[in-house]
Amino acid sequence: MDRQIELHHFSVQLADCPKADLPEFSFSGRSNVGKSRLINYLLRRKKLAHISGKPGKTKTFVYYRIDERFNLVDMPGYGYAKISPQERKRWLAAAVEYLRGREQLRGVLQLIDLGVGATDKDVERLAFLRELGRPVCLVFTKADKVKKAEREAKLLEALGRLEAPPGAGVVVSSAVKKLGAREIWAWLDDQLALPDVPGPR
Ligand code: GDP
C-alpha cells in the first residue's frame with residue numbers, strides 16, 4: 001500500500017514536539033539496534049532516516065507524518081558509548097521526559113537486536129514503559145543475522161528476560177530480508193483503532 005509520508009518536524013525535547021493532536025508512535029532502542037534502517041524499510045525510503053556504521057546519530061525526535069493520520073517518531077537511541085557522559089545524560093533525560101509526558105503518544109515500538117538479545121538497558125527501558133503503562137510492540141531486529149533454526153530460541157530467551165507487558169505485540173524483523181513491516185503496520189492500525197485515552201495509561 002502506498003502511504004503519504006512527510007518528514008515534518010525535529011524536536012530536541014518534549015517542549016518542542018508538535019502541538020497538533022495527531023496520535024503518534026515512537027521507536028525506542030539501543031544505538032545500533034537497526035532503528036534507522038528499519039524506519040527506512042517501513043517507510044520504503046532508501047535514505048530518509050540516516051543509517052551509518054556509526055551508531056548514535058539520532059539526537060533529536062524526528063517526526064514522520066503518515067497519511068495525515070498519525071506520526072511515527074524516531075527518538076534518541078540509548079547506550080551509545082562514544083559521547084560525553086553529559087550528552088548521554090541529556091539524551092536520556094529527554095527520552096524519559098517524552099515517554100512520560102507526551103500525551104499524543106499511543107504506543108512504543110521497542111527494538112531489540114535478535115542476535116544480541118535483550119541487554120540490561122533494554123530490560124530497563126521496557127520496565128519503564130511497563131511502569132508508565134504505555135502500549136508496546138517488541139520488534140526484534142536483524143533476524144537475518146540469526147540462523148532460522150535458532151530464531152525461536154533467541155526470541156524466547158529475550159522475551160523471558162524482558163518481562164513484556166501483557167498484550168505486547170511481538171514482531172521479528174529484518175530490514176535486509178524485508179521481514180516484519182506488514183506485522184508492524186498491522187500493530188499500528190490495531191492501536192489506532194482503540195479508543196484514545198489521553199496521557200499515559
Ligand atoms: P541505529 O543506530 O539503531 O539507527 O542503527 P542503523 O539502522 O544505523 O543500523 C546499525 C547497523 O546495523 C548498520 O550497519 C546497519 O546496516 C545494520 N543493520 C540494520 N538493520 C539490519 C538488518 O535488518 N540486518 C542486518 N544484517 N544489518 C542491519
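The values are calculated or read from the model by the stated rules, or taken from the named source; none is laboratory data. Keep in mind the model is a prediction, meaning the values are calculated, not measured. Positions of Cβ are backbone-derived with ideal geometry, glycine not excepted, and every protein chain shown enters the neighbour counts.
Under the condition of being more than 16 Å from Val33 (Cβ to Cβ) and under 17 Å from the mean Cα position of the chain (by Cα), the residues counted in region 168-177 number 2. Can you work out which of the residues in region 149-174 that are small (Gly, Ala, Ser) and out of contact with any Gly (no Cβ under 6 Å at 6 or more places or on another chain) is farthest from Arg106 (Cα to Cα)? Only one residue fits best here, namely Ala149.
Selection within region 70-91: residues that are farther than 18 Å from Leu138 by Cα and buried (at least 21 other Cβ atoms within 10 Å of the Cβ). The member of this set that is nearest to the ligand (Cβ to nearest atom) is Trp91. With respect to the conditions (1) modelled with pLDDT of 90 or more; (2) within 13 Å of the ligand (Cβ to nearest atom); (3) touching a helix residue (DSSP H, G or I) at 6+ places or on another chain (Cβ under 8 Å), His50 lacks only one, and its number is (1).
Within region 146-186, the set of residues being of a type in the set (Val, Ile, Thr), in a strand (DSSP E or B) and more than 11 Å from the ligand (Cβ to nearest atom) comprises Val170, Val171.
When Ala20, Ala94 are screened for being away from the ligand (no atom under 16 Å from the Cβ) and modelled with pLDDT of 90 or more, only Ala94 passes. Within region 115-145, restricting attention to residues that are under 28 Å from Lys178 (Cβ atoms) and part of a loop (DSSP other than H, G, I, E, B), which residue is nearest to the ligand (Cβ to nearest atom)? Residue satisfying both the conditions and the ranking: Lys142.
Here is a yes/no grid of residues against (1) crowded, with 21+ Cβ neighbours inside 10 Å; (2) under 15 Å from the mean Cα position of the chain (by Cα):
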{"residue": "Leu111", "(1), (2)": "yes, yes"}
{"residue": "Val116", "(1), (2)": "no, no"}
{"residue": "Lys121", "(1), (2)": "no, yes"}
{"residue": "Leu126", "(1), (2)": "yes, yes"}
{"residue": "Leu132", "(1), (2)": "no, no"}
{"residue": "Leu138", "(1), (2)": "yes, yes"}
{"residue": "Lys145", "(1), (2)": "no, no"}
